[in-house]
Structure formats: C-alpha cells, structure tokens
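Inspection log for the structure reproduced underneath, given as structure tokens.
Just so you know, all these numbers are worked out from the coordinates, no wet-lab data involved. What you are looking at is a predicted structure, and each value in this text was computed from that prediction instead of being measured. In this analysis, Cβ positions are derived from the backbone assuming ideal geometry, glycine residues included, and neighbour counts consider all displayed protein chains.
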Amino acid sequence: MPWHAPALLLARVLLAALFLAGAAQKALSPAIVEGLLAARGLPAVLVWPAALFDLVAGLLLLAGVATTPTALLLALYSAVTSLFHFIPTDGWQMSIFVKNWAIAGGCLALAVAGPGAWSLRPRRASHATPDAVTPP
C-alpha cells in the first residue's frame, strides 16, 4: 500500500521522539527519576543507563536500524517502567502507567511491521507485512 512507508516512518519518528525526550529529561533533570528509583529501593545511579538506553533506542528507531529488536526491547522497557507509576491514589501517575502500556503496544506493532521502506535499513523481503498475513 502506498501509505505504509510514510505511516511507518511517522510511527518511528513519534516513538523515537518520546524516547529521545525521555533521554533529555533524564540527563537534564535526573532528580525526578532518581526519586522514582529511590521510592522503589533502587540505586539512583540507574538513571544514567536508562537515559543512555532511551537515547540509543530513540536514534535506532529514528534511523530505522535494528527496528524489530529495538522495538521489542522498548516494549519490555515501557511495561517494566510503568510499574514505577502504579500509584492508584495519584491520577496523574496512573495515566502515565496506562500510557506506558499503550506505548508498549505501539512498539510491539512496530516490531511486527518492521521499519518500512523509508529507513536506513529497509525491511527485508522475507519480513511479513500486515497485508501478507492471512487469517487462520
């Protein structure tokens, strides 16, 4: 379909922007994440590997390189980090909790679809497309 390539590029750009912004936020204001980590009894220094992961994963998505493994890792990362926001008495944190699960779903869909034709590393011909999936 003619709209698949631009749609997959837009999906990669939007998800990459989220994780790149997360990397910048962690680097510029680490105290916020350090507080979340400390509340769970984890070392505050974990903010730095998380920031690096956000940066590298965001750049890989943006370029369309290693899209499937990156998107799978980001889905897992989003699911795990959602637990930091599971605070039922705080509506704002609960919205972030649910949003992380939605992001994980978007990452899973991108992992299945691949990077699309408009990437530095286009999908291989053997990678199934949504149109190629047949019902059982």
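Some points to look at:
- Residue separation of residue 79 and residue 4 scaled by 0.36 nm, minus their Cα-Cα distance, works out to 24.3 nm of gained length.
- Cβ-derived FRET efficiency at R0 30 Å, residue 24 paired with residue 66, nearest 0.05: 0.90
- Signed unit charges on C-beta, dipole axis of the chain, positive-most listed residue 5, 50, 82: 5
- For the chain, the longest site-free run once trypsin sites (Lys or Arg not before Pro) in DSSP loop states with at most 13 other Cβ atoms within 10 Å are removed: 41-123
- Environment charge of residue 18, counting only residues whose C-beta is closer than 15 Å and scoring Lys/Arg +1, Asp/Glu -1: +2
- Modelled this way, with points 7 Å down the Cα-to-C-beta line, the labels at residue 48 and residue 90 are 2.5 nm from one another.
- Here the relative contact order of region 4-124, from alpha carbon pairs under 8 Å that lie six or more residues apart, stands at 32 percent.
- Dipole magnitude of the chain, debye to nearest 20 (Cβ charges: Lys/Arg +1, Asp/Glu -1, about Cα centre): 260 debye
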